[in-house]
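Every number here is computed from the coordinates shown, using simple stated rules; none is lab data. Note that this is a predicted model, so its numbers are computed, not measured. When we count neighbours, we look across all protein chains shown, and the Cβ atoms used for this are built from the backbone with ideal geometry, even at glycine.
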Amino acid sequence: MSGRVRTAGAKNAALPELAAVVLSSGEFHFQDVPGVEDIKVMFLALENLGAEGEFHSNTIRIKIPAIKSPLVPREIVETSRASVLLLGPLVARNGYAKVSTPGGCDIGDRKINYHLEGLKRMGTDISEEKEHIIARAPQPLRAIDYSFPTKTVTGTENLLMAAVLAEGTTILRNCALEPEVGDLIDLLLAMGADIKGKNSETLVITGKSSLTGAAHKVVPDRIEMGTYVIAGCFTGNEIIVENTVPGYVGCLLDVLGKSGMQVTTAADTISVNSNGSIKPIDVETMPYPGYPTDLQAQLTTLLTQADGVSHIKENIFNNRFQHTGELNKMGANIELNGDVSIIRGKTPLTGATLRATDLRASAALVLGGLIAKGTTVIENASQLFRGYENMPQKLNALGADIKVIEE
Ligand code: EPZ
């Protein structure tokens, strides 16, 4: 494959930013919104709450003049756990929220106990009834000083959004540092919120009685970016990834450098060249700025082509190795030992019929299919479209041969 590919806006930024619409009755205009399923589901959830607006060709114009229904139903939460991000804003603005309990996710435990603990401390009465979280709170919420026991991305975002309308000054400690949190803060500041400490582990939020609407361009998706950068590492490929923020994938680029890749970055492009051999490496996933768990599966595919044994330790989720069994069906040699995958390369891959278990695993299987001999069929591929905009089209434009079979 060769050529240029443009990174879309970040799913994991647009999701909390759409949830932030609940905090104000003002008009919002979002640009560079990724056209992926999870965003369409969040848009539906907002319409369910009373939103008026439209979503087309990567722009959203939306407002919620009044909360018509405080309910986020099961069929919405089931499809996209991120709808739990509506809890904080709904309680803050409406004093009442009924959100279906987020179900299990194929990548392991996805607890929200810190989200709920923080809201409780802000004065919210939380109860669980018939698989729904019922949250009631007098208005406004009260400010708190809360330290997250472990870093949580959506936990930080949920309590941050609750705190911007709370009475007094909230201090959130041990916050997540992911760039998506920073982009949400940019939106909230544009809405008139008072937040100090962006991109630091301690956020100081002084509540306001009301916030305005805003216009916002969603930050590029560093996970999609990283996926195409990894695709560029396979022998013979020359891919230039555009609309990037190289700093957001700094850890990935370091790892690729250690595996022998020549990485070239410019203001908003990244390209990699391999001299045909990939060195084995050891990596462990960590909260940002460490190596992202959302790029663990894709790196695994690459390391099946390394000359030797690599190890990947997954520290964030306790069931995020399902892609390894599928890659082994193609001829890879990956063994699991607790939270470590042992990848013995170099193993030629051969096309097979595989099943996508989750979003990032599906991307890893696509990368495997691109370097395998013969044809690979990936079933349950709807997982891919939850978080990658037009991936088959983008890859075909680089010289791949991918078809989507609707079933
Ligand atoms: C966000 O999920 C992302 N999703 C995930 O991306 C990403 O994998 C994850 O952060 C880690 O980077 C969105 O932003 C919408 P966490 P989140 O809370 O916020 C534990 C993708 O592929 N925890 O940071 O749900 C939790 O169990 C998705 O795009 C608690 O114990 O992840 C996990 O082990 C997949 N209690 C760890 O913290 C809590 O209250 C990190 O989870 C919250 C979290």
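Let's see if you can work this out: charge +1 on each Lys and Arg Cβ, -1 on each Asp and Glu Cβ, no other charges. What is the dipole magnitude of the chain about its Cα centre, in debye to the nearest 20?
Rounded to the nearest 20 debye, it is 240 debye.
Of Lys120/Lys198; Lys11/Lys313; Lys111/Lys258; Lys98/Lys394, which pairs sit farther than 32 Å apart, going by alpha carbon to alpha carbon?
The pairs that break the limit, which is 32 Å between Cα atoms, are Lys111/Lys258; Lys98/Lys394.
Quick check: Cα centre of segment 109-125 to Cα centre of segment 213-251, how many Å?
Here the two parts' Cα centres lie 33 Å apart.
Per-residue counts of other Cβ atoms within 10 Å, averaged by peptide: what ranking do you get for 338-349, 219-230, highest first?
219-230, 338-349
From Cα pairs below 8 angstrom and at least 6 apart in sequence, can you work out the relative contact order of segment 271-407, rounded to a whole percent? Working shown, then result.
On the way: 238 pairs, mean separation 27.1, N = 137.
Reported as a whole number, the value is 20 percent.
For the pairs Lys40/Lys329; Lys40/Lys196; Lys40/Lys217; Lys217/Lys403, note any where the Cα-Cα span goes beyond 22 Å.
Lys40/Lys329; Lys40/Lys196; Lys217/Lys403
Average the reciprocal distances over every distinct pair of alpha-carbons in segment 57-148, invert the result, and give the Kirkwood radius in Å.
Evaluated on segment 57-148, it is 14.2 Å.
Based on a Kirkwood Rh over C-alpha pairs, give the Stokes-Einstein translational diffusion coefficient of segment 276-407 at 20 °C and viscosity 1.002 mPa s in µm²/s.
143 µm²/s
Mean separation of Cα pairs under 8 Å and 6+ residues apart, divided by the residue count of segment 1-139: what relative contact order is that in percent?
Contact order relative to length: 21 percent.
If you wrap segment 1-117's Cα atoms in a convex hull and average its projection over all directions, what's the area in nm²? Kindly include the intermediate steps, with their values, before the conclusion.
Working: hull surface 34.4 nm².
It is 8.6 nm².
For segment 128-240, what relative contact order do you get, as a whole percent, if you take Cα pairs closer than 8 Å and at least 6 residues apart?
23 percent
Just to be sure I understand the model, the point goes 7 Å from the Cα along the line to the Cβ. What's the resulting Asn315 to Asn275 distance in nm?
Reported label-point gap for Asn315 and Asn275 is 3.2 nm.
Between segment 1-78 and segment 273-320, how many Å separate their Cα centres?
31 Å
With N residues in the chain, what two-decimal value do you get for its Cα radius of gyration over 2.2 N^0.38 Å? Numbers along the way, then the final one.
Values: Rg = 21.3 Å, N = 407, 2.2 N^0.38 = 21.6 Å.
That works out to 0.99 for the chain.
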